[in-house]
Amino acid sequence: MPDHREFIRGIPKAELHLHIEGSLEPELMFALGKRNRVRLPYDSVEAVRQAYRFVDLQSFLDVYYNGARVLVTEQDFYDLTWAYLEKCREQNILHTEIFFDPQTHTDRGISFGTVVNGIHGALEDGGNHLGISSGLILCFLRHLSAEAAMATLDRALPFQDRIIAVGLDSSERGHPPEKFASVFDRARAEGFLTVAHAGEEGPPAYIWGALDCLQVSRIDHGIRCEEDDRLMKRLVQEQVPLTVCPLSNTALKVFGHMREHNLKRLMDAGVCTTVNSDDPAYFGGYLNENLYAITEAFELNQSEIAGLMKNAFNASFLDASKKRFFLNEVAEFENAAGAPEARQ
Ligand code: HPA
Ligand code: ZN
């Protein structure tokens, strides 16, 4: 096994862009479908994997929302989240900030509490039994109305102690950040932090909108920033973190091949980039596999890989002392891996 894979597996990691519904592996999808008597349009786990050939974001979202129908009870949301946390333990992800899409479930008649309590219960157990630190981010579906998002925010208020931030996901084109200005104003006034998907398929103007109108702390994806020099300057100057998802971008044909991905150019330009898995069950890999793919495409060295991890801890919503603790863990790992005796 090449050295870099060992280094990637071992380094302490944080993940900031993970849709929990996107971690639903076909095996669990089938098991939950059976448990809840939800019919799936596939005959086998292999047929599910065959169906995962996407041409763009929308072609993925259609399959992803269909798969989420098997999630019905609080236990289902717990099991889904627990399975992801076991992956975190396997991959040495020490801190994760995960998205959930409540409207995908409440629009099917499932209560907001069922969704949040299931996910939160697993996150709490993940902290106590696996030592994994976590945060939960509520995403509004941008293809639905601002009124529907506002109603979802209302439903979230009684659960505010369990949700650190709100975000914006789903079909990007035609749904600019400005559509949700009043929802995000209210969310910030209620004390939520904010993030938003922008510049994945949508234009750089959506990144400006997310920054200026929604006042986000991070941009999810953001890769199309490169098309706008003034925006690039701002991202570098303000060190706005981008949560980049390499395997997602190639699966959804934002880039034809990993070697064409702009992550390394963004890194070299001084943008604060982080690497994440987005919807790992659908895009062929969790965080380690994303890191293998970019390291192999761009021949990243250990200091560049460690730099991405430091960016992630720095860009997280952890408090300053926890950030310091995790950053120190990364630095210690990096130093030990670089020490001559560790190379023998
Ligand atoms: N983009 C937008 N919406 C999403 C994504 C994504 O990558 N994954 C799940 N919902
Ligand atoms: Zn995403």
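Taking amide H as placed 1.01 Å from N in the peptide plane, Thr96 has its amide H under 5 Å from the amide H of Glu15, Ser133, Ser134, Gly135, each at least 5 places away in sequence or on another chain. Converting phi to 3J(HN,Hα) with the Karplus coefficients 6.51, -1.76 and 1.60 and the offset θ = phi - 60°, the range 187-197 yields 4, 5, 4, 7, x, 7, 6, 9, 9, 7, 5 Hz in sequence order, with x at every glycine or proline. Going by the alpha-carbon gyration tensor, a ≥ b ≥ c the square roots of its eigenvalues, is the range 276-344 rounded (a/c under 1.5) or, if a/c is not under 1.5, prolate (a/b greater than b/c) versus oblate? Here the range 276-344 falls in the oblate category. Per-residue 3J(HN,Hα) values for the range 6-20, derived from phi via the Karplus relation 6.51 cos²θ - 1.76 cosθ + 1.60 with θ = phi - 60°, read 5, 4, 5, 4, x, 5, x, 10, 10, 10, 10, 9, 8, 8, 4 Hz in sequence order (x marks Gly and Pro). If the chain linking Gln50 and Asn128 were pulled fully straight, counting 0.36 nm for each residue of separation and taking away their Cα-Cα distance, it would gain 24.4 nm.
The listed peptides 156-162, 116-122, 178-184, ordered by packing as a protection proxy, come out as 116-122, 178-184, 156-162 (highest mean of other Cβ atoms within 10 Å first). Apply the a/c threshold of 1.5 to the C-alpha gyration tensor of the range 177-270 and tell me whether it is rounded, prolate or oblate. Here the range 177-270 falls in the prolate category. With contributions of -39500 (n - 2.57) from each DSSP H run of at least four residues, the per-residue ellipticity at 222 nm computed over the chain stands at -15000 deg cm²/dmol. Cross-link list Lys253/Lys323; Lys179/Lys233; Lys233/Lys323; Lys179/Lys323; Lys264/Lys322; Lys87/Lys322: which exceed 30 angstrom alpha carbon to alpha carbon? Distance filter (> 30 Å) returns Lys253/Lys323; Lys179/Lys323. When both the range 274-313 and the range 139-215 are represented by their alpha-carbon centers, they are found 26 Å apart.
Since every read-out is calculated from the coordinates, none of them should be taken as a lab result. Computed from a predicted model, the values in this text were never measured in an experiment. Because the Cβ atoms are built from the backbone with ideal geometry, glycine has one as well, and the counts that use them run over all protein chains shown.
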